[in-house]
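The next block holds one structure in the form of structure tokens; read it before the comments.
No value in this document is a laboratory result; all are computed from the given coordinates. Keep in mind that this is a model prediction, so the values were computed, not measured. Here the Cβ positions follow ideal geometry from the backbone for every residue, glycine too, while neighbour counts run over all protein chains shown.
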Amino acid sequence: MPRGDEPSAGAAESKLSETPPLPGGLYLVATPIGNAADITLRAMETLSTVDAIACEDTRVTAKLLAIHGLSKPLIVYHEHNAEKLRPRLIQRLQKGESVALVSDAGTPLVSDPGYKLVRACRDNAIPVTALPGPSAVLGALVLSGLPTNRFLFAGFLPTKTGPRQKALSELAWIPATLVIMESPRRLAAALRDMAEILGAGREAAVTRELTKMFEEVRQAPLADLAAHYAEAGAPKGEVTLVIAPPGEKPAPDPADIDRMLVEALGRNSVRDAAAQVAQSTGLPRRQIYNRALALKKDKT
């Protein structure tokens with residue numbers, strides 16, 4: 001199987017040259033996340049036929065096109081210039097041009113600002129179609145060996161400890177496998193926070209360099225993964241974390257419920273305070289409401 005930057009077959013290139021022009025509209029094209037051979041035939045056909053390709057980094061996209069013997073005008077479109085470029089792209093699309101949107105790797109709109117362009121197209125009745133293909137999120141999930149029937153993609157966590165721990169607290173009891181992107185240099189610190197907030201024994205997998213020659217999946221409890229990368233240092237390559245769903249949520253301590261209710265009653269009505277605490281604890285609202293009434297009565 002070809003890997004990395006090996007060229008595609010000449011027969012495929014010959015077929016692409018016979019492809020008729022595409023109808024005008026925006027084409028969301030998934031591109032390889034590492035192995036250049038993972039591009040789909042439909043993606044090749046589309047990239048060879050559109051009027052232009054909007055991409056994050058022209059160097060990355062130009063390299064991919066060159067590997068497969070393609071050449072198209074490239075438009076730089078990323079989070080720093082999207083507000084300025086979006087109206088220009090819409091104007092071109094309104095004139096009937098066909099434009100492909102790609103990210104540096106994987107499926108566009110996942111952790112990038114492309115959704116605003118899609119929304120603008122919808123608002124202006126411009127056709128949009130998606131070409132499925134490589135995705136680090138799904139690749140990591142299926143390689144992890146963790147439950148796949150329900151999962152949440154949480155993107156990148158905040159870079160600083162305090163906000164990162166707060167974000168993890170919000171994710172802690174979601175009944176789903178978590179998929180999180182992380183920078184290699186922050187991996188050890190992030191895993192340490194995950195072990196503290198999500199639970200030291202919670203199963204997880206660190207996947208890196210997916211589809212590339214040195215692809216690796218390391219599976220262990222969060223505490224063990226945190227200890228490993230604290231000692232080994234930052235790994236090379238792109239990292240995607242997959243974390244198992246939580247176990248059964250422990251029942252809140254009655255004293256903690258009373259403390260939460262007292263604090264909430266200081267700012268809200270009995271009904272609103274009960275609703276807030278019921279949502280936080282997962283306990284029945286009627287049960288919390290009755291306890292809030294009792295506490296309110298005791299204070300009067």
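Quick notes
- Note on the chain: helix-only mean residue ellipticity at 222 nm, from DSSP H runs of 4+ residues weighted -39500 (n - 2.57) and normalised by residue number, equals -13000 deg cm²/dmol.
- Acute angle (nearest 10 degrees) that the helix 270-281 long axis makes with the longest principal axis of the chain, alpha-carbon atoms: 60
- Of V270, P235, T281, farthest towards positive along the dipole that unit charges on Lys, Arg, Asp, Glu beta carbons give region 187-300: V270
- All Cα-Cα separations within region 162-256 were binned at 10 Å from zero, giving a P(r) of 16, 49, 26, 7, 2, 0, each value a whole percent of the pairs.
- Under a Gaussian network description of the chain, with springs only between Cα atoms under 10 Å, the residue in L191, L85, L225 that fluctuates furthest is L85.
- Residues considered: H80, H68, H228. Largest GNM mean-square fluctuation over the chain, using C-alpha springs under 10 Å, is found at H80.
- Lysine-lysine proximity count for the chain, Cα under 30 Å, sequence distance 8 or more or distinct chains: 27
- Between Q165, Q276, Q219, the GNM of the chain built on Cα springs shorter than 10 angstrom shows Q276 fluctuating the most.
- Annotation for E231 and Q287: the two label points, set 7 Å from Cα along the Cα-Cβ direction, are 4.3 nm apart.
- Whole-percent pair-distance distribution, where bins are 5 Å wide, for the alpha carbons of region 254-299: 5, 28, 42, 22, 3, 0
- Answer label for log10 I(q)/I(0) by the Debye sum over Cα atoms at q = 0.07, 0.09, 0.10 Å⁻¹ (calculated), chosen among (1) -0.40, -0.61, -0.71; (2) -0.26, -0.43, -0.53; (3) -0.46, -0.59, -0.67: (1)
- Pairwise FRET efficiency - F156 versus V262, Cβ, R0 = 35 Å, nearest 0.05: 0.45
- For region 93-125 versus region 198-256, the gap between their alpha-carbon centres in whole angstrom: 33
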